[in-house]
Amino acid sequence: MNFEFSEEQLMLREQARGFLSQESPPSVTRSVLDGDTHFDANLWQKVAEMGWTATTIPEEYGGLGLGYYELAIIAEELGRSVAPIPFSSSVYLATEAIMAFGSSAQKNKWLPGLASGDVIGTLALSERSGRTTAENLSVTLENGGVSGTKTPVADGMIANIAVVACRGSAGHVQLALVDLAQDSVDRTTVTTLDPSRGHGKIIFTDTPAEVLGDGEVSWSALEALLDRAAVLMAWEQLGIADMALEQACDYAKQRFAFGRAIGSFQAIKHKLAGMYVKNSLARSNAYHGVWALASDSDSLQLAASTARVASTQASLFAAQENIQTHGGMGFTWEFDCQFYYRRAKMLSLALGSERHWQNRLVSALQESHANAA
Amino acid sequence: MNFEFSEEQLMLREQARGFLSQESPPSVTRSVLDGDTHFDANLWQKVAEMGWTATTIPEEYGGLGLGYYELAIIAEELGRSVAPIPFSSSVYLATEAIMAFGSSAQKNKWLPGLASGDVIGTLALSERSGRTTAENLSVTLENGGVSGTKTPVADGMIANIAVVACRGSAGHVQLALVDLAQDSVDRTTVTTLDPSRGHGKIIFTDTPAEVLGDGEVSWSALEALLDRAAVLMAWEQLGIADMALEQACDYAKQRFAFGRAIGSFQAIKHKLAGMYVKNSLARSNAYHGVWALASDSDSLQLAASTARVASTQASLFAAQENIQTHGGMGFTWEFDCQFYYRRAKMLSLALGSERHWQNRLVSALQESHANAA
Amino acid sequence: MDFNDTPQEAEFRADAADWLANNQLTDGDREGKTPLEIAKLWQQRKYDGGWACIGWDTEYGGRGASPIERVIWDQEESKYDVPSRFFVIGQGMIAPTLMVWAQPQHKENFLPKLASGEEIWCQLFSEPAGGSDLAALRTKAEKDGDEWVINGQKIWTSQAHYADYGIIVTRTDPTVAKHKGLTMFIVDMKAPGIDIKPIKQLTGESDFNEVYFTDVRIPDHYRLGDVGQGWTAALTTLMNERLAIGGGGPGADVKLALEIATLVEIDGKPAIEDSAVRAKIADFHVLEAGLEYNGYRAITALSRGELPGPENSIGKLVGAPKLQAVASFCMDLLEESGIVWSDGDLLTSLAQRSYMGAPGLRIAGGTDEIMTNIIAERVLGLPQDPRLDKGIPFNEVPTGN
Amino acid sequence: MDFNDTPQEAEFRADAADWLANNQLTDGDREGKTPLEIAKLWQQRKYDGGWACIGWDTEYGGRGASPIERVIWDQEESKYDVPSRFFVIGQGMIAPTLMVWAQPQHKENFLPKLASGEEIWCQLFSEPAGGSDLAALRTKAEKDGDEWVINGQKIWTSQAHYADYGIIVTRTDPTVAKHKGLTMFIVDMKAPGIDIKPIKQLTGESDFNEVYFTDVRIPDHYRLGDVGQGWTAALTTLMNERLAIGGGGPGADVKLALEIATLVEIDGKPAIEDSAVRAKIADFHVLEAGLEYNGYRAITALSRGELPGPENSIGKLVGAPKLQAVASFCMDLLEESGIVWSDGDLLTSLAQRSYMGAPGLRIAGGTDEIMTNIIAERVLGLPQDPRLDKGIPFNEVPTGN
């Protein structure tokens, strides 16, 4: 048994951390948050040049053919740096969807661009307040045309292609692959809690589209895709959680009140220890999640939803209590605490809420429990 | 507006507290917990002599005709002293049921004895693991005979009469009034987490019984009865919660570690402040609960379930963290911390779990929300 | 216990309701005015009608009303859409301080103008190095003849940019222990040497300011209390602050959660039917109702002549984290749409505004941690934290820098 | 990352499984014996077969196995119903202390008998006045020729009533600072002057004892480390204690909650379909799974030669409150029946036993609060609490009495 990353993988982490501290310092996140752009195009290009967008894409499609351990490591580092780029949309979702469901022609057409970063992809699923499900899905795919509204779509304003969950003419669920550079695609910016990751509302009007793969995609296959993305997202969230903890610890050691460092007050130090405990459990669950993803384990649903719930809880708590530890300064625009607070909440709702994943976790538990009996 | 007890009521509290510190010190609870009896008969008699069992019973039936404010005050004091007597079963439940549903003859027959304490009553509702409901109720009342098993019945081993929820021959819900001193009543002790309040399992075999009142009792009328009891129970639970807090504070002030009182460590002092906050909110909700009970308010369901949930949460937390504050000594048999820990958990399940009352609370909220719209 | 008015209270309520009905703000009153102008107009009208700061003595422009009457007035006034936030600090926190500590001529001069809304005040206590350790402030006041010369920086000052006056706590002697070297003054906010810079919060809004003092001169008769008595004077303000801020105003609450849970679906049914949703809403209601009835108990105590005590710290201590939790929960109900900041849609933007604002509420006016300490020490009587700065001259206390 | 055995590990696992299959306890072995006798029989059999304390050096009766091999052995052994709890303290906590601090002849004498289960040991550290402040112990040891004379009282001593030996920390100099005046010894538990009284816990059981020492004599060669070095020696034991107790053994867990939630109904459907029930079970699973995989990470670190650090405090810190919460939740699922203590029904009594036992687990071996402090100070590097007893002679430290 060996429950740790390999030496090479740990080196990749160090490399990624060094790269991002150079290329994605807080000022980069701040400028997107403060400005009118939806992402940092320069950072995206550099990340693509590092080959990160190509990580798990097979070499035959221009990828590196590496594994999910490597991708998880990158995800954590992107989380730590609150990178303002469409990595999760393009890599964990669009790329994964095409690899999982796409025909050979579709893979040939799109994967090389996704690998090189020239193509930005996203998954368009949400349509309404509350969860979009197989039952209430309303965007249609009929006679090769997609119609209806998807919102909010992460990175929807900058994506080149979208994998769109829709209902086929026979009422079944399909995934449509849509080139977003078409006149019949109407996109408007959706302002969200985390402007450092742009979101859009996309209205399709009989927009020409291809069916992804062989036609019908079962909802459970789509959910399995989300499980895979959830593991990687959990690593991003963990990056947020750990950075928030580190910031809070640093501040608590240097800030003095009543003649001593505020970190010497148990109200603060036990709060930080509580963060550490949550982060530590989330990390161990994320290890199991990426192991299940990398090894195509039967327990992926359980492992992914556990990692997801743990990282959601850890990151929300850490981001929130990091501000609290900083006191008034933590509540200012000038301090970076806000990045983690915004991003943590945004990521906790991308792919579905804590409640949704708790429920999915227990479904998996019930199944493994029934199998064991 | 006046949201406080009257001078007379506050005097009653002082009197009750003085009386119970004399007559129901921890040693009384301990001897029932440690021994083979199901209650302290001597204390019960003294409490009855004080007239407490007669509080809300009209004077025409030998009662004092006082109000629910007085009863709530007594309930809190009984909670504080963890009194090992069947007060809640006999007063909040059996007496209330007979007053609410009983015929004039039934009231004449039983209320004087309940008022004087010569008769101990209880409500027999639970039959199974999980909640007993209108749908799964299985004890029957047919041709004047009750058959089936009720367990656990609080104070079931010592009660003289029981109000038994059962299903009539037409399938509807009825309450049967059963004299327990009959051969066809088979009682066995049920050991519980809180042996200072005895519980029994009662098997009825065509046991002669009267229908309480006019026959059918709607389940919602029964639940309204439980709402009333829940307010009083909330005051008992509040008594537990406050005593646990007081004990913990006293200990934290006098126990030294690392050269100072443990109550000067924020880990301890903030824990105790957290108890105080919960207790304080529970108290305010209990005020509203007893106001709704005393004034027969339309908002009784909301007020009662809010008070119940608040007191359940406060008492469980306080009892548990009182032990924690005491450290190893709190975990010993010799210390009194265990009384509160046992009683808090017992009371939190009598009348139904926190989840049940949360659910009932929201039903009331929905109704008041719909009415306001 | 009785929620109903006594006959006397009912009469007072009828009078108040009458006056409000006859004097309410019209659309015409509001037209073309800024919120501050509207607020001043309304406050002046109340003052002229004898309904401003009704708990104050008549000599200061009030009507000597009882605590219960103040509650009744607030209830009746809150039925109308009238502005009030501009006067909370001046009337709720500073005026009580002036009443205790100012010289008679200043009380006569300033209090009626505070009551009428003619003059706006701000509170200059917090400093960058202070934070929770308020008394660690460093802004210097040095005596120069009949005047004091102020140098230093204050922070988190609401309303500084349009206030007429402020009260300021300064350090007049750094060689004695922290709490002993402080002195409080009235300061004219238009005086030369005052520089005001708004602070941008993480919400993007600017409710607070930094205020820089460079050789600002204050006459000695503006001193509030003796030299060295500044901390005692500040406590008057802080005690009233806790009463004034309470649970923290409008925001995401159980009502909003119920509305959203009725609108959105989980598994094809309204979310409100979901048991996990219900459990959370129930817990939030326990907190909200508990705070509401806590408030009634506090009012009753006031009306019996009891002084408001440290137990009132509960309002903000419970209310602020509750706001954050309810807001987060409401966003979760909306699932992926929960992050959408829809300016046009009150239902969702209220949750998001609350989520972004709540961290500030958990800090301003005393952090959760400070509030908890107050309850532990001053309500429960638990021993103080060890004070490493106790009895040490202020300029020798460790600062970490 | 790989959950599978390496070829070498697989071979070791096969050897272990073989030996266990061939040497397992039979019903005949157990018949007529007390649990302690059975445990000793099994331990001796393992020792004779070379499978006792396999991580120890062969000279002490072990086989010098690697950390991973120890885990594999534990996994294989746990497939059989064999007793182990009697040896946790002696083998897990005391033996590592003897290995560091005892004289060579004592290591040679005692360690093999610890490995074989021939002798049971207990740990005599805690005192009534100490509690979380372990080093505030007062039991005196005074030198008398070649012997030490012990007077005082220990508490919370597991196994004292049947232990052969113990390790005891005593105060040899009360005039120096708290940690500096301590010395550790081996003590023969059959020596004259030792009086042992069981402590009844709130569960009604007695797992611990008070141990009184009256003029108990200990030879100087039983001293572990130098005079005054007792605290350093005790830290060896405590570090190993944290490893040995971990998350706290069997009790109410997610599996039990799932079973109960499948059996009982809410509103006519299995409780497991209730969304509030599901949310809680999910949260508990996050904790349990997190601890499990934390453990795998710790083992991996051990196998790479890293020393176990203070981060291992998480196991008990998370596990004990989780036990309490899961137990309470399971009881709630049963509604009014949740309080029933049914000895015959494992399903329910496991929850109740856990509920009653959990408060002890949150205290023994370091309270939640101490564990949290360890994480804050030693993992996160946050500053120590102010230490009012620091550098003060022990007999001048305030005690409140």
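Values in this text are rule-based calculations from the coordinates and carry no lab data. Small disclaimer: the values here were computed from a predicted structure and weren't measured. Cβ coordinates were reconstructed from backbone atoms using ideal geometry, including for glycine residues, and neighbour counts include every protein chain displayed.
Some observations on this one:
- Restricting the calculation to Cα atoms, region A:220-372 shows an Rg/Rh of 1.07 when the hydrodynamic-style radius is the Kirkwood one.
- Projected over all directions and averaged, the alpha-carbon convex hull of chain A occupies 19.6 nm².
- Using a 7 Å Cα-to-Cβ projection, B:T191 label spacings across copies, nm, ascending: 6.6
- For region B:7-116, the spherically averaged projection of the C-alpha convex hull amounts to 6.7 nm².
- Whole-number D in µm² s⁻¹ for the protein assembly as shown, Kirkwood Cα-pair radius fed into Stokes-Einstein, 25 °C, 0.890 mPa s: 68
- Calculated FRET efficiency, D:V100 to D:T34, Cβ-Cβ distance, R0 = 30 Å: about 0.35 to the nearest 0.05.
- Scaled against the 2.2 N^0.38 Å expected of a compact globular protein of N residues, the Cα radius of gyration of region B:95-231 reads 0.97.
- Rg in Å to one decimal, and Dmax rounded to a whole Å, for region D:83-141 via C-alpha atoms: 13.6, 36
- Axis-nearest residue of B (beta carbon) for the B-onto-A rotation, whole Å: B:Q266, 2
- Extreme residue, positive dipole direction of region D:265-358, given options D:L307, D:F284, D:G357 (C-beta unit charges): D:L307
- Annotation for region D:1-50: trypsin sites (Lys or Arg not before Pro) lying in DSSP loop with at most 13 further Cβ atoms inside 10 Å of their Cβ are D:K33.
- Per principal axis, descending, Cα span of region C:228-310 in whole Å: 66, 29, 17
- Amide H to amide H, with H built 1.01 Å from N, B:N160 comes under 5 Å of B:I120, B:G121, counting only residues 5 or more places away or on other chains.
- Shielding score for B:118-130, defined as the mean number of other chain Cβ atoms within 10 Å: 3
- Unit charges at the beta carbon, dipole of the protein assembly as shown: most positive-side option, B:I57, B:H288, D:W148: D:W148
- Net charge in the neighbourhood of A:W291 (other residues with Cβ under 12 Å of its Cβ; Lys, Arg +1, Asp, Glu -1) is -2.
- Under 27 Å of direct C-alpha separation, and excluding same-chain neighbours fewer than eight residues apart, C:K140 reaches these lysines: C:K107, C:K154, C:K178, C:K180, C:K190, C:K197, C:K200, C:K390.
- For region A:148-164, 3J(HN,Hα) per residue [Karplus equation, 6.51 cos²θ - 1.76 cosθ + 1.60, θ = phi - 60°, Hz, x = Gly/Pro]: x, 10, 10, 6, x, 10, 4, 6, x, 7, 10, 5, 8, 9, 10, 8, 10
- Bridge type composition, the protein assembly as shown - antiparallel percent by DSSP, nearest 5: 85
- When region C:161-254 is reduced to its Cα atoms, the Kirkwood hydrodynamic radius in Å: 15.6
- Label-point spacing at B:T149 relative to the other copies reads 6.0 nm, in ascending order, each point sitting 7 Å out from Cα along Cα→Cβ.
- Positive-end residue, region A:121-218 charge dipole about Cα centroid, Cβ charges, pick of A:I202, A:V178, A:T140: A:I202
- Nearest-first distances (nm) between copies at C:D220, label 7 Å from Cα via Cβ: 7.6
- For region D:209-221, putting each phi into the Karplus relation 6.51 cos²θ - 1.76 cosθ + 1.60 with θ = phi - 60° gives couplings of 9, 9, 10, 9, 10, 10, 6, 6, 9, 10, x, 4, 6 Hz, in residue order, rounded to whole numbers and with x for Gly and Pro.
- Dimensions of chain D from C-alpha coordinates, computed as largest minus smallest value along each principal axis and given longest first, are 76, 54, 46 Å.
- Principal axis dimensions, region A:52-111 - Cα atoms, whole angstrom, descending: 36, 19, 15
- Only lysine pairs 8 or more places apart or on separate chains count here, and in chain A those with Cα atoms under 30 Å apart total 20.
- Rounded, prolate or oblate (a/c below 1.5 giving rounded, otherwise prolate when a/b exceeds b/c) for region D:278-320 by Cα gyration tensor: oblate
- Å³ per residue enclosed by the Cα convex hull of region C:7-120: 94
- Scanning chain D for chymotrypsin sites (Phe, Trp or Tyr not before Pro) that sit in a DSSP loop and have at most 13 other Cβ atoms within 10 Å, the longest stretch containing none of them is D:81-401.
- Coil-residue GluC sites (Glu not before Pro) of region C:4-41, DSSP, other Cβ within 10 Å capped at 13: C:E31
- Residues within the reach of a label modelled at C:T6 (point 7 angstrom out along Cα to beta-carbon, backbone nitrogen below 20 Å), restricted to region C:26-53: there are none.
- Cα long-axis angle, helix A:300-326 against chain A (0 to 90 degrees, to the nearest 10): 40
- The separation of region A:92-130 from region A:303-339, counted between C-alpha centres, amounts to 30 Å.
- Neighbour count of at most 15 Cβ within 10 Å plus DSSP loop: longest GluC sites (Glu not before Pro)-free window in chain B: B:136-333
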